[in-house]
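These notes are about the structure you will find just below.
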Amino acid sequence: IEGWGSPVACIKANASRKERHAKLYQIEPRLSKTAANADKWIPVKPGTDHAFFLAMLHILLREQLYDKSFIQKHTNAPFLAFKDKNGMVQLAADMGRDGKPSAFYVYDEVSRRTISVPAYTNTNEFAKNKQRVIPAVEAPENLRWKGQKVQTVFDFFVEESEPYTAEWAAEITDIPAETIERIAVEFGQARPAMVDPGWMGARYHHVIGQRRLQAIIQTLVG
């Protein structure tokens with residue numbers, strides 16, 4: 001999936017892409033040279049790409065079209081968290097002397113216990129005591145940490161993505177709901193799959209949020 005990008009690069013890559021049986025879907029308001037060389041041009045209302053990607057996330061999560069092993073091991077998805085009195089999501093963590101987290105907490109699928117893992121490492125596969133763990137992406141119901149009811153970051157993410165259906169996005173983007181659903185499913189089933197954000201997003205005020213959504217989508221599929 002590509003946003004507004006370089007037509008020259010697209011044309012050069014086109015023959016190689018077809019040899020590898022890869023697909024390119026171009027999401028862009030105009031029929032550019034890039035879009036003309038894509039397998040499918042998806043005309044989107046200018047400035048509404050954000051809604052399209054929110055709907056993609058909604059579908060990927062609910063159809064379970066994500067790389068569970070990757071998000072278990074290499075993201076904060078299994079970290080336990082809770083909502084504070086202001087409704088903000090806070091991570092369950094031990095704080096170091098420098099005021100920064102020294103450990104986060106996960107629910108281990110093997111021991112069925114809440115276990116701390118070192119903060120700011122490249123993997124969640126080992127507890128702070130070096131014990132090997134398999135962090136649960138979804139927390140058991142009514143799980144508690146230091147008396148506080150907790151769930152995983154992934155659980156919160158699924159909850160907060162609930163409103164962003166393909167039908168919701170269709171009204172904003174002018175892309176039919178069935179097209180959004182088909183693209184999301186194809187993307188989730190393909191390995192590898194990539195979102196190329198293009199270079200025109202900086203023209204919109206919400207581009208930082210949009211880039212985050214694109215990065216989350218990439219992360220979900222490993």
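For the listed peptides 86-96, 209-219, a ranking on the average number of other beta carbons within 10 Å per residue, highest first, reads 209-219, 86-96. Of all lysines in the structure, the ones whose alpha carbon falls short of 27 Å from that of Lys100, not counting any fewer than 8 places away in one chain, are Lys73, Lys83, Lys85, Lys128, Lys130, Lys146, Lys149. Surface exposure of the chain, expressed per residue as accessible area with a 1.4 Å probe, stands at 56 Å².
The value of relative contact order for the chain, using C-alpha pairs under 8 Å at least six residues apart, is 26 percent. On full extension, the segment bounded by Gln64 and Arg203 gains 46.7 nm, given 0.36 nm per residue less the C-alpha separation. If the segment from Leu91 to Gln148 were pulled out straight at 0.36 nm per residue, it would be longer than the present Cα-Cα gap by 19.4 nm. For Asp196, nonlocal amide neighbours, meaning residues 5 or more places apart or on other chains whose placed amide H falls under 5 Å from its own, are Glu2, Gly3.
Each of Asn142, Ile208, Ala166 was placed along the dipole of the chain (beta-carbon charges, centred on the mean Cα), and the one lying farthest toward the positive end is Ile208. With the helix formula -39500 (n - 2.57) applied to DSSP H stretches of n ≥ 4, the chain reaches a computed 222 nm mean residue ellipticity of -11000 deg cm²/dmol.
Can you bin the stretch 152-213 into rounded, prolate or oblate? Criterion: square roots of the alpha carbon gyration tensor eigenvalues sorted a ≥ b ≥ c, rounded for a/c under 1.5, prolate for a/b above b/c, oblate for the rest. Verdict is rounded for the stretch 152-213. Summing charges over all other residues whose Cβ lies under 15 Å from the Cβ of Glu181, with Lys and Arg as +1 and Asp and Glu as -1, gives -2. With the cut-off at 1.5 for a/c, could you classify the chain from its C-alpha gyration tensor as rounded, prolate or oblate? Here the chain falls in the prolate category. Magnitude of the charge dipole for the chain, about its Cα centre and with charges confined to Cβ atoms of Lys, Arg (+1) and Asp, Glu (-1), is about 820 debye.
The values are calculated or read from the model by the stated rules, or taken from the named source; none is laboratory data. All values derive from a computational prediction rather than experimental measurement. Note that each Cβ is placed from the backbone with ideal geometry, even for glycine, and that neighbours are counted across all protein chains shown. Heads up: the accessible areas ignore ligands, DNA and RNA and are worked out on the full protein's heavy atoms, side chains in. Shrake-Rupley method; radii C 1.70, N 1.55, O 1.52, S 1.80 Å.
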